[in-house]
1. Given the options E144, E156, name the one that is out of contact with any strand residue (DSSP E or B) (no Cβ under 6 Å at 6 or more places or on another chain), in contact (Cβ under 8 Å) with a residue 40 or more places away in the chain, surrounded by fewer than 15 Cβ atoms within 10 Å (Cβ to Cβ) and not in a helix (DSSP H, G or I).
2. Would you be able to tell me the number of residues in segment 43-69 that are over 23 Å from N17 (Cβ atoms) and among the small types (G, A, S)?
3. If C30 satisfies every condition in (1) touching a helix residue (DSSP H, G or I) at 6+ places or on another chain (Cβ under 6 Å); (2) surrounded by 16 or more Cβ atoms within 10 Å (Cβ to Cβ) but one, which is the exception?
4. Just to be sure before I move on: is H177 of a type outside the set (D, E, K, R), in contact (Cβ under 8 Å) with a residue 60 or more places away in the chain and either in a helix (DSSP H, G or I) or more than 25 Å from L80 (Cβ to Cβ) (or both) in the structure I sent?
5. Condition first: charged (D, E, K, R) and under 17 Å from the mean Cα position of the chain (by Cα). Can you find one or more residues in segment 111-130 that meet it?
6. Check whether at least one residue in segment 71-78 is open to solvent by 20 Å² or more (accessible area, probe 1.4 Å), out of contact with any Lys or Arg (no Cβ under 6 Å at 6 or more places or on another chain) and closer than 30 Å to L175 by Cβ, and report yes or no.
7. Take K94 and tell me if it is more than 26 Å from K68 (Cβ to Cβ) and touching a helix residue (DSSP H, G or I) at 6+ places or on another chain (Cβ under 9 Å).
Amino acid sequence: MNSNKKIAVLASGQGSNFESLAQNFPNSICALICNVEGAQVLELAKKYEVPSFLIPHKNFKTRAEHEKEIIAVLSQFKELKLIVLAGYMRVLTKTFFLEYSNSMPKIINLHPAHLEQYKGAHAYEYAVANKYPRWGLSIHEVTEELDSGQLLNSTEFTIYPQESAHELKNRIKYLEHKLLVETIKNIL
């Protein structure tokens with residue numbers, strides 16, 4: 001294994017954050033793990049020649065079984081230093097953390113809100129529906145408690161009146177990419 005390849009990315013969807021990482025860390029990503037068949041991120045992994053592993057969560061009876069399969073794939077990469085959840089739409093459970101107990105690489109997540117403001121999925125929809133004038137992005141260490149690990153980086157931005165959640169997501173993608181890349185550079 002190439003010792004420069006120290007980052008594994010978990011993603012579930014279109015993969016714009018994965019693509020930003022592949023462009024900014026072209027020799028550092030050892031694997032993409034995706035849990036959704038047909039996700040666009042799988043095509044991006046091919047484009048950037050990153051080994052990809054499709055592990056659909058729907059094929060497992062429990063979250064524990066699914067996570068053990070992910071861990072089995074990750075265990076192939078002995079120099080793994082960082083696991084990035086980049087649009088990975090699954091909450092990691094105790095199974096994942098117990099498996100790595102002593103030798104765990106750092107796991108980080110891009111969360112589309114300030115941690116104290118909102119936890120969980122659909123943060124942009126929540127912000128728009130509740131007419132927040134400003135909102136944030138956070139990158140934090142992943143722990144067993146949802147969106148509660150140590151804050152590593154954050155930024156804030158304006159939400160325009162009459163802006164839909166979809167428009168907001170598209171408009172601030174570049175901020176997600178910038179914050180994620182900046183944070184990973186600091187970690188590495």
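The values are calculated or read from the model by the stated rules, or taken from the named source; none is laboratory data. Here the structure is a predicted model, which is why all the values come from computation and not from measurement. All Cβ positions, even for glycine, are placed from backbone atoms using ideal geometry, and neighbour counts span all protein chains on display. Heavy atoms of the whole protein, side chains included, go into the accessibility calculation; ligands, DNA and RNA do not. Shrake-Rupley method; radii C 1.70, N 1.55, O 1.52, S 1.80 Å.
1. After applying the criteria, what remains is E144.
2. Of the residues in that region, 1 qualify.
3. (1)
4. Values: of a type outside the set (D, E, K, R): yes; in contact (Cβ under 8 Å) with a residue 60 or more places away in the chain: yes; either in a helix (DSSP H, G or I) or more than 25 Å from L80 (Cβ to Cβ) (or both): yes.
Yes: the conditions hold for H177.
5. The initial filter retains those residues of segment 111-130 that are charged (D, E, K, R), namely 116, 119, 125.
Filter again for under 17 Å from the mean Cα position of the chain (by Cα), leaving 119.
Yes - at least one qualifying residue is present in segment 111-130.
6. We begin by selecting, within segment 71-78, every residue open to solvent by 20 Å² or more (accessible area, probe 1.4 Å); these are 72, 75-78.
Narrowing further to those that are out of contact with any Lys or Arg (no Cβ under 6 Å at 6 or more places or on another chain): 72, 75-78.
Next, only the ones that are closer than 30 Å to L175 by Cβ stay: 77.
Yes - at least one qualifying residue is present in segment 71-78.
7. Values: more than 26 Å from K68 (Cβ to Cβ): no; touching a helix residue (DSSP H, G or I) at 6+ places or on another chain (Cβ under 9 Å): yes.
Spelling it out, it is not the case that K94 is more than 26 Å from K68 (Cβ to Cβ) and touching a helix residue (DSSP H, G or I) at 6+ places or on another chain (Cβ under 9 Å).
Yes or no, residue by residue, for (1) in contact (Cβ under 8 Å) with a residue 24 or more places away in the chain; (2) closer than 20 Å to L137 by Cβ:
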{"site": "I7", "(1), (2)": "yes, yes"}
{"site": "P26", "(1), (2)": "no, no"}
{"site": "E37", "(1), (2)": "no, no"}
{"site": "K58", "(1), (2)": "no, no"}
{"site": "K61", "(1), (2)": "no, no"}
{"site": "I83", "(1), (2)": "yes, yes"}
{"site": "A86", "(1), (2)": "yes, yes"}
{"site": "T95", "(1), (2)": "yes, no"}
